[in-house]
1. Every residue in the range 81-135 that is part of a helix (DSSP H, G or I), surrounded by 12 or more Cβ atoms within 10 Å (Cβ to Cβ) and in contact (Cβ under 8 Å) with a residue 12 or more places away in the chain, please.
2. Being of a type in the set (A, V, I, L, M, F, W, C) and surrounded by fewer than 16 Cβ atoms within 10 Å (Cβ to Cβ): is that true of Ala40 here?
3. Ser72 is checked against (1) within 11 Å of the chain's Cα centre (by Cα); (2) of a type in the set (Gly, Ala, Ser); (3) exposed (fewer than 15 other Cβ atoms within 10 Å of the Cβ) and fails just one. What number does that condition carry?
4. May I ask you to list the residues in the range 112-127 that are more than 17 Å from Leu17 (Cα to Cα) and among the polar types (S, T, N, Q)?
5. Does Lys60 satisfy the condition of being surrounded by fewer than 18 Cβ atoms within 10 Å (Cβ to Cβ) and under 18 Å from Ile10 (Cα atoms)?
6. Can you tell me which residues in the range 75-87 are farther than 17 Å from Ile124 by Cβ and under 14 Å from the mean Cα position of the chain (by Cα)?
7. Kindly indicate whether Val66 is within 24 Å of Ser26 (Cβ to Cβ), in contact with a Phe, Trp or Tyr (Cβ under 9 Å, 6 or more places away or on another chain) and of a type in the set (Val, Ile, Thr).
8. Do the conditions hold for Leu56, that is, is it farther than 21 Å from Gln97 by Cα and either in contact (Cβ under 8 Å) with a residue 24 or more places away in the chain or part of a strand (DSSP E or B) (or both)?
Amino acid sequence: MAASRKKLLIVEDDSALRDSVRDRLSLEYEIYEAEDGEQAVSMCLDYRPDVILLDLLLPKLDGIKVLERIRSYPDPEIAKTHVVVLSNLWSQKDILQVEGLKVDQYFVKPHTKLDDVFAKINMICKDLPVEKPAS
């Protein structure tokens, strides 16, 4: 039996970018999508993604607050979820604040090729343990 696909939660309010990421990665990953921060936290708890691709400028709850909630969650499986940030915020203050919340990578949208983001997600997932299917 084939190994189950890793779960990716795309948190992005720009539907065109969200669609582009989903279309590119949907064959390799089980994709979940959130367009605001509240949905992101809820979906993280419900679906327990292996990796979250997180924008910081989000409606309802910004990405930094999403990260704070995930990192402070009592279940270590959720608190240690891998997070790749893809954001328009690029001040040193923003980057340091987010890196303090233990993200795997911080990409700045205007200076990043999506292929680099995909390569980082693939690298993270390659190193994750394979789930054994329930018998």
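1. Correct list: Asp94, Gln97, Val98, Lys109, Leu114, Val117, Phe118, Lys120, Ile121, Asn122, Ile124, Cys125.
2. No.
3. (1)
4. Residue satisfying the conditions is Asn122 alone.
5. The answer is yes for Lys60.
6. Once the filter is applied, which keeps residues that are farther than 17 Å from Ile124 by Cβ and under 14 Å from the mean Cα position of the chain (by Cα), the range 75-87 yields only Ser87.
7. Answer is no for this residue.
8. For Leu56, the condition - farther than 21 Å from Gln97 by Cα and either in contact (Cβ under 8 Å) with a residue 24 or more places away in the chain or part of a strand (DSSP E or B) (or both) - is not met.
The values are calculated or read from the model by the stated rules, or taken from the named source; none is laboratory data. What you see is a predicted model, and the numbers here were worked out from it, not measured in a lab. No Cβ is skipped: glycine too gets one built from the backbone with ideal geometry, and neighbour counts run over all protein chains shown.
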